[in-house]
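Inspection log for the structure reproduced underneath, given as structure tokens.
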Ligand code: AMP
């Protein structure tokens with residue numbers, strides 16, 4: 001695996017690969033890699049000829065009060081994990097390489113970005129869309145792998161790629177979980193032992209909501225209240241939202257029909273965790 005820090009070099013490598021008829025896979029990350037990231041890299045490895053992954057903690061997607069400065073970083077460990085997962089090129093640009101001057105241009109996505117994460121973090125998705133647009137422009141035509149773990153982000157990126165005609169196929173990949181159901185996340189590092197023991201309540205609550213739908217419940221509010229009440233019963237959790245939406249566009253459908261996504265966000269101490277689960281209402 002080769003580690004590259006400049007835009008020009010990454011472009012040259014991926015342009016060369018495409019010139020030789022090779023399919024490029026791209027896995028954008030903020031580093032502090034875990035098995036969830038590795039699953040995206042392995043999928044790209046299986047479906048593409050050249051796999052590039054990026055590690056960049058993007059300041060644009062953090063609000064001033066958020067955890068940009070404390071976001072965990074460990075490049076040596078990340079290099080080992082990425083290499084093991086089959087990454088050919090690891091792009092690790094410095095802040096000045098990505099943003100040499102004040103950024104005056106932003107990509108904003110309406111609709112799907114507006115509420116849930118967008119309500120609690122109003123500048124977040126413009127930061128995500130802007131950096132992903134930049135990475136797509138740097139990488140060029142490719143298959144880009146994103147986790148369903150950040151479900152709303154996946155929809156935002158898909159919408160952006162479609163609306164702006166990026167020559168990029170956005171591929172969604174399933175959430176990798178700990179044995180007790182907690183979704184892997186770099187932010188799980190912030191949890192103390194008690195919070196870590198409490199955090200799987202998110203997945204249990206989502207499962208209970210999905211089971212209610214599978215058993216025939218079609219009232220969106222009833223299912224959302226059920227999920228919320230299970231999270232609220234955990235003393236170490238501070239619920240932000242529990243929502244039940246159409247899986248395609250996060251519309252507030254009622255009655256619940258077709259592909260449905262349950263989404264939840266809560267704080268455990270200083271860590272804000274999100275999770276989601278899909279279910280089909282037949
Ligand atoms: P991040 O480094 O948190 O920005 O995540 C980079 C990519 O990895 C995003 O597409 C995430 O959705 C994905 N990802 C993060 N956690 C998981 C997980 N537990 N399972 C699958 N994908 C994940």
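Each reported figure results from applying straightforward, stated rules to the coordinates on display, with no laboratory input. All figures in this text were calculated on a predicted structure; none of them were measured in a lab. For neighbour counting, all protein chains shown are included, and Cβ atoms are generated from backbone atoms with ideal geometry for every residue, glycine included.
Some points to look at:
Yes or no, residue by residue, for (1) within 30 Å of residue 19 (Cα to Cα); (2) in contact with a strand residue (DSSP E or B) (Cβ under 9 Å, 6 or more places away or on another chain):
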site: 132; (1), (2): yes, yes
site: 138; (1), (2): yes, yes
site: 141; (1), (2): yes, yes
site: 157; (1), (2): yes, yes
site: 164; (1), (2): yes, no
site: 168; (1), (2): yes, yes
site: 172; (1), (2): yes, yes
site: 177; (1), (2): no, yes
site: 189; (1), (2): no, yes
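- Matching option when the condition is touching a residue at least 40 places away in the same chain (Cβ under 8 Å) and more than 25 Å from residue 48 (Cα to Cα), among 71, 145: 71
- Number of residues in the range 115-135 that are in a loop (DSSP other than H, G, I, E, B) and touching a helix residue (DSSP H, G or I) at 6+ places or on another chain (Cβ under 6 Å): the value is 1.
- Exactly one residue among 87, 27, 107, 112 is crowded, with 18+ Cβ neighbours inside 10 Å, part of a strand (DSSP E or B) and in contact with a helix residue (DSSP H, G or I) (Cβ under 8 Å, 6 or more places away or on another chain), and that residue is 27.
- Residue that is nearest to the ligand (Cβ to nearest atom) [pool: residues in the range 47-71 that are more than 21 Å from residue 120 (Cβ to Cβ) and part of a loop (DSSP other than H, G, I, E, B)]: 56
- Criterion (touching a strand residue (DSSP E or B) at 6+ places or on another chain (Cβ under 8 Å), within 12 Å of the ligand (Cβ to nearest atom) and in a helix (DSSP H, G or I)) met by exactly one of 38, 17, 44: 44
- Residues of the range 12-42 satisfying the condition of being more than 16 Å from residue 90 (Cα to Cα) and within 16 Å of the chain's Cα centre (by Cα): 35, 36
- Within the range 172-185, if we keep just the residues that are out of contact with any helix residue (DSSP H, G or I) (no Cβ under 6 Å at 6 or more places or on another chain) and surrounded by fewer than 19 Cβ atoms within 10 Å (Cβ to Cβ), the residue that is nearest to residue 134 (Cα to Cα) turns out to be 177.
- Checked against the criterion of being touching a helix residue (DSSP H, G or I) at 6+ places or on another chain (Cβ under 7 Å), surrounded by fewer than 21 Cβ atoms within 10 Å (Cβ to Cβ) and free of Cβ contacts under 8 Å to residues at least 40 places away in the same chain, the candidates 232, 212, 193 yield just one match: 212.
- Failed item in (1) surrounded by 14 or more Cβ atoms within 10 Å (Cβ to Cβ); (2) touching a residue at least 60 places away in the same chain (Cβ under 8 Å), with residue 63 passing the rest: (1)
- Listed by first and then second residue, the pairs with beta-carbon distance under 6 Å, at least 6 apart or on different chains, first residue in the range 173-187 and farther than 17 Å from residue 145 by Cβ, second within 7 Å of the ligand (Cβ to nearest atom) and not in a strand (DSSP E or B), form an empty list.
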